[in-house]
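J.: Questions regarding the structure given below will be posed in turn.
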Amino acid sequence: MSVHELKSREAKTMPHIGASIELAPKQAIESQDLPGLFPAGSRVYITDIGTDSVDTLTAAARRVHDLGYKPVPHFACRRLTTRQALETRIRRAAEEAGVTDVLVIGGGLERPAGEFNSTMQVLETGLFDRYGITEMGVAGHPEGSPDFSEAVAVEALRLKKNFGERTGAKLRIVTQFGFDADHFIAWAEGLREAGIDLPVHLGVAGPAKITTLIKYAAMCGVGNSITFLKKNALALTALATTHSPEGVVGPIERHVLENPTTNIKQIHVFPFGGIKKASEWLVERGTWDSNTSSPIAAAQ
């Protein structure tokens, strides 16, 4: 029996945490594979890199919703222009696409495109609550960020936790992807020890060739992941061949199983090798049940 077969057998027999996935707006609108591809109610994140119109972003969320999934559009704060434009986007997402859940992130621009410099500024507008959006993901950075120190990042997450407690918003932390499971686990547990007990959804790359993973890691600025990939080139070349990221997900699930009080609740899949391949992997390993009407741990 091959290593891949052993890992697949282990994955199928152990308890699983849930999974969400993300799409580009064009994929959400045009993909012919999308109907029935994910379990009903799955969180489907819709990216915002600043090049799509409000019409496009709304249409993407509407199709995801109409297919029976839960659309989670990104709001990249430093890419936003005015409060009025923000309200228009939120209103249309809620009223035209049934959005009740969002991911609010910094946006990565060195200079803000408009009025907003940070996630907290956008949250404090109260506009999400006004339109009935009370579930919110905020960004986590297990590998750090070139834009701020770890201490600043922890304090920002503490402010967001306090915001949730003040307003009743249901917040969670969604991280960038990476390949070092032990580091991701230690980071999440460190947050809990610092008093930040928000649910954590750890980002993982779906099945893809190693060259594709390195390209996206470079584009997304996760430098430690590139280093980890290169140090583990042999193992990850095999990983790319078998299209099974069990080396990352398996240790995370074992940690959750052995530590019931952990704040790690789900994985969030970046489908760099394609949404069909990512979905097939999640079904094959038992994270998603293709015969059920709801995903595992959908509400966490």
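Quick note: the coordinates plus some simple rules give every number you see, no bench work behind them. No experiment lies behind these values; they were computed from the predicted model shown. Cβ coordinates were reconstructed from backbone atoms using ideal geometry, including for glycine residues, and neighbour counts include every protein chain displayed.
J.: Expressed as a whole number of Å, what is the distance separating the alpha-carbon centroids of region 31-51 and region 52-84?
T.: One Cα centre to the other: 11 Å.
J.: Suppose R0 equals 22 Å; then what is the FRET efficiency for E30 and K209 from their Cβ-Cβ distance, rounded to the nearest 0.05?
T.: Efficiency for this residue pair is about 0.40.
J.: Based on the mean of other Cβ atoms within 10 Å per residue, sort peptides 257-266, 60-69 so the most packed one is first.
T.: 60-69, 257-266
J.: Around I264, what is the net charge, scoring Lys/Arg as +1 and Asp/Glu as -1 over all other residues with Cβ under 14 Å from its Cβ?
T.: Result for the neighbourhood of I264: -2.
J.: Another question, if that's okay. Take peptides 89-95, 19-25, 277-283, 124-130 and line them up by average Cβ neighbours within 10 Å, highest first, as a rough protection proxy.
T.: In descending order of packing, they fall as 19-25, 277-283, 89-95, 124-130.
J.: Read phi for every residue in region 57-69 and hand back ³J(HN,Hα) as whole Hz from Karplus 6.51 cos²θ - 1.76 cosθ + 1.60, θ = phi - 60°, with x for Gly and Pro.
T.: 3J(HN,Hα) across region 57-69, in whole Hz: 5, 5, 5, 5, 5, 5, 5, 4, 5, 5, 7, x, 9.
J.: Now for a separate question. Give me the number: length gained by fully extending N162 to R130, i.e. 0.36 nm times residue separation minus the C-alpha to C-alpha distance, one decimal in nm.
T.: 9.6 nm
J.: If R0 is 22 Å, what FRET efficiency do you get for E96 and K276 from their C-beta distance, rounded to 0.05?
T.: 0.20
J.: Next question, about the same structure. Please go through the residue pairs K209/K265; K26/K160; K170/K209; K26/K277; K160/K276 and name each one whose alpha carbons sit more than 29 Å apart in this structure.
T.: K26/K160; K170/K209; K160/K276
J.: Using a Förster distance of 22 Å, how high is the FRET efficiency between T81 and V154, based on the Cβ-Cβ distance and rounded to 0.05?
T.: 0.15
J.: In region 95-199, if the dipole is taken from +1 on Lys/Arg beta carbons and -1 on Asp/Glu beta carbons about the Cα centre, which of G168, L109, L191 is farthest to the positive end?
T.: The one lying farthest along the dipole's positive direction is G168.
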